[in-house]
Amino acid sequence: MSDQKAKAYINMNGALRAMEYLCELDSEAKAFIKEFNIVIQFSVKNGPAARLIFKDGRCVFERGKGKSNIKLYFPSPGHFNKMMDGKANPVILKGFTKIGFLTKNFTYLSKRLEYFLKPAGESMNQPVYKEINTILTFLTAFNSLAEIGMHDPIGQEIMRHDRKGVFCASIAGTGYSVKLKMSKGQIAPVGSSEGAPEMHLDFKDIDKANDLLNGKSDFISAIGFGDVKISGYMPLMQSVELLVPRVAMYLK
């Protein structure tokens, strides 16, 4: 069973955050935002808050609150989750004159993100599509691990173990990775300046990562065939292995 508050944190800091990566990876989305100069604030009562900053041809995701042109408020985590599922609308606290941006431009980007995260038909047979899908799925899933560990009841129990260090997951040849700093009761994403990780999980290539992320293979088989390499402080990997199934449940 999923928890609405935990799901809101995953939707905010995992799924919505993927908008930043979409605008880096997808040439169509990158060209679409080229002239944008606008900041959208998302705030959930008793839940997460974050901003999407569109400026200088980039989209940047930032946790927390700050200056914005549009403020979107959600009275409950469940309301935000329904919005992410396309079943509810936000409360607009600021930016009424910019509603057109939300209904047209932001809606387009949201559908573009959904297009890459939810494959249909023969889309996975296209190399460029498959690469973008794999990287977005990888980043969404591994960024969500921190939210599972901090906000999901079972994830919180997993994080009670005294396992301390920095875990890093990556896909070889893409330049993309996720680093998580872990300690007893705590797990949070960190930047590249955090230092050398104590634990590494490296996917061999896009194809192998795609197979595992889409359930076509499992970690044990992937490790046995050399499709995934793990090294370092193994207790951190034990925590990750327990958290991963919870991510799949929330993001399905």
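Couple of notes before you dig in:
- When each of THR174, THR107, THR134 is tested for being among the hydroxyl-bearing types (Ser, Thr, Tyr) and touching a residue at least 60 places away in the same chain (Cβ under 8 Å), the lone residue that passes is THR134.
- Of all the numbered requirements in (1) out of contact with any Asp or Glu (no Cβ under 6 Å at 6 or more places or on another chain); (2) under 24 Å from GLU147 (Cα atoms); (3) surrounded by 13 or more Cβ atoms within 10 Å (Cβ to Cβ), ILE33 misses one, and that requirement is (2).
- Considering (1) over 15 Å from the mean Cα position of the chain (by Cα); (2) in a strand (DSSP E or B), the lone condition that VAL178 does not fulfil carries the number (1).
- Subset of segment 94-139 (residues that are polar (S, T, N, Q) and either assigned to a helix (DSSP H, G or I) or buried (at least 19 other Cβ atoms within 10 Å of the Cβ) (or both)): THR97, THR103, ASN105, THR107, SER110, SER123, ASN125, ASN133, THR134, THR137
- Flag for GLU24 being acidic (Asp, Glu), closer than 27 Å to PHE96 by Cα and either surrounded by fewer than 17 Cβ atoms within 10 Å (Cβ to Cβ) or outside the structural domain of VAL247 (by TED's automatic domain parsing) (or both): no
- Residue under evaluation ALA188, criteria (1) over 30 Å from ASP85 (Cα atoms); (2) in a strand (DSSP E or B), criterion not met: (1)
- Considering residues of segment 220-252 that are over 14 Å from LYS208 (Cα atoms) and polar (S, T, N, Q) only, the residue nearest to the chain's Cα centre (by Cα): SER239
- Condition check for PHE61: in a helix (DSSP H, G or I), of a type in the set (Phe, Trp, Tyr) and closer than 15 Å to ASN13 by Cα: no
- Residue in segment 13-20 that is over 22 Å from LYS130 (Cα atoms) and loosely packed, with under 15 Cβ neighbours inside 10 Å present: no
- Top-ranked residue of segment 228-252 - restricted to ones that are touching a His at 6+ places or on another chain (Cβ under 7 Å) and polar (S, T, N, Q), ranked as surrounded by the fewest Cβ atoms within 10 Å (Cβ to Cβ): SER231
- Criterion (farther than 22 Å from GLY100 by Cβ, at pLDDT 95 or above and either outside the structural domain of ASN105 (by TED's automatic domain parsing) or charged (D, E, K, R) (or both)) met by exactly one of ARG58, ARG17, ARG51: ARG17
- Residues that are closer than 18 Å to LYS179 by Cα and surrounded by 19 or more Cβ atoms within 10 Å (Cβ to Cβ) within segment 142-154 comprise PHE142, ASN143, SER144, LEU145, ALA146, GLU147, ILE148, GLY149, listed in sequence order.
The values are calculated or read from the model by the stated rules, or taken from the named source; none is laboratory data. Note that this is a predicted model, so its numbers are computed, not measured. Quick reminder, even Gly has a Cβ in these numbers, built from the backbone with ideal geometry, and neighbours come from all protein chains shown.
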